[in-house]
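K.L.:
The structure that follows is given in the form of structure tokens.
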């Protein structure tokens, strides 16, 4: 009888211990992504990368012995639904930190809620407004972001144009929040690089023909066209440029490098240039680049271990959630599951070598990536070629 009791107690202890590791002691991180709707092509693979990151971190012992539990929410790419989702994660799920969302518009919608709740978030959106402060931007004490700022991508393009001696620029931007953020920086930074915006046009991201705007741009004889959008609209612009026989270089923004752009644009993608994370041409990086082995390991996990590339080939967005999770983990290992302390420790991160760059955060910079984190890539024979470090 005593032997049976001992066995029962041992089994109970093992079961309880497993339950404790998996549930009772887990640290909840909320994740908001567009898992349905027009931005799902970005949001869904970003979710899978976040899960991959958490799996690897938990295998290595979690955060000081505690596992991470990722609590997902679908924003559908809609600001109203994003607000509802983030409230649930904060008020019901009691998460200690957040990552996401997918789009700049949804990021701006949840920004005041996260600030009021004082829950740190590392966003995976491209636009700058989420970490900007003052006036209509509000505060951003608890807001950080993993992707490069739009202003950083603009600077990378302008440095390239400056080097190539191209001075007359025409811009074509989407009318959504991301497109207008790019437009603002393209116009504001041009004089600093000796460039002139000779013409500008805009389009709705759902438009299927931008030839009228392109014809008007070309009347001003630009030396280069810069388009600022994400999604299928970018490939439509590329096709219209080719169809109209426009010979000046076409630059796209940092949100488009990836297989989908080449697939949608087809032969019209040839010769297109754009700023990108190093992920898109990592095997062309010099061996001395500290990011190269880090990216190589990420690519190995993505392709060979988790097989995510079978459905979602790697693109420039692929590393954002990985970096967002790992930035939080670095902070949590020092701060524990305490939102205010996590926020404070995030601001101290200096030198984390990530997929999207080497992060040097500070109280004044909640992104921490400079122009050295980006490369200029060109579509050549249907592949991405590194043309400027």
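Read the figures in this text as sums done on the coordinates, not as results from a lab. Please read all numbers here as calculations on a predicted model, not as lab measurements. Virtual Cβ from ideal backbone geometry, glycine too; neighbours counted across all protein chains shown.
K.L.:
Please work out the C-alpha center-to-center distance from the range 169-214 to the range 44-97 and express it in whole Å.
P.N.:
Centre-to-centre (Cα) distance: 34 Å.
K.L.:
Going out from 0 in 10 Å bins, what whole percent of all Cα-Cα distances in the range 32-179 drops into each bin?
P.N.:
Calculated P(r), rounded to whole percents: 11, 36, 32, 15, 6, 1.
K.L.:
Moving to a separate point now. So how many Å³ per residue does the convex hull of the Cα atoms of the range 87-244 work out to?
P.N.:
Per-residue hull volume (Cα only) is 116 Å³.
K.L.:
With the radius of gyration and the Kirkwood radius both derived from the Cα set of the range 201-259, what is their ratio Rg to Rh?
P.N.:
Taking Rg over the Kirkwood Rh, I get 0.92.
K.L.:
Same structure again: Taking only the alpha-carbon atoms of the range 251-343, what semi-axes of the equivalent ellipsoid follow from 5 times the gyration tensor eigenvalues under a square root, in whole Å, largest first?
P.N.:
Working from the Cα gyration tensor, I get semi-axes of 30, 15, 14 Å.
K.L.:
Another question about this same structure. Restricting the calculation to Cα positions, tell me the Rg (one decimal) and the Dmax (whole number) of the chain in Å.
P.N.:
22.3, 94
K.L.:
Counting only helical runs of four or more DSSP H residues, what would the 222 nm mean residue ellipticity of the chain come to if each run contributes -39,500 (n - 2.57) and the total is spread over all its residues?
P.N.:
-12000 deg cm²/dmol
K.L.:
Also: Compute the acute angle (0 to 90°) between the alpha-carbon long axis of helix 40-59 and the principal axis of greatest extent of the alpha-carbon atoms of the chain; round to the nearest 10°.
P.N.:
Tilt relative to the chain: about 40 degrees.
K.L.:
For labels at residue 206 and residue 385 in the simple 7 Å Cα→Cβ model, what's the distance in nm?
P.N.:
3.9
K.L.:
Mind checking the angle between helix 291-300 and the chain's longest principal axis? C-alpha axes, 0 to 90 degrees, to the nearest 10.
P.N.:
Value to nearest ten degrees: 70.
K.L.:
Separate question: So between residue 168 and residue 64, what do we pick up on full extension, going 0.36 nm a residue minus the alpha carbon distance?
P.N.:
Result for the pair: 32.0 nm of gain on full extension.
K.L.:
If r is the Cβ-Cβ distance from residue 189 to residue 365 and R0 is 25 Å, what FRET efficiency results, to the nearest 0.05?
P.N.:
Efficiency, from the Cβ-Cβ distance: 0.90.
K.L.:
On C-alpha positions alone, give me the angle between the axis of helix 177-189 and the longest principal axis of the chain, in degrees, nearest 10.
P.N.:
60
K.L.:
Further question: For residue 87 and residue 219, what is the calculated FRET efficiency with R₀ set at 35 Å and r taken between the beta-carbons, to the nearest 0.05?
P.N.:
For R0 = 35 Å, the calculated efficiency reads 0.10.
K.L.:
Using a simple spin-label model with points 7 Å from Cα along the Cα→Cβ vector, what separation in nm is obtained for residue 303 and residue 159?
P.N.:
Result: 2.7 nm between the two label points.
K.L.:
Also: Starting from the 7 Å offset along Cα-to-Cβ, what nm value, one decimal, do you get for the label separation of residue 283 and residue 267?
P.N.:
2.7
K.L.:
D for the range 298-383, whole µm²/s, Stokes-Einstein with Kirkwood Rh over alpha-carbon pairs at 37 °C and 0.692 mPa s: what number?
P.N.:
The estimated diffusion coefficient comes to 223 µm²/s.
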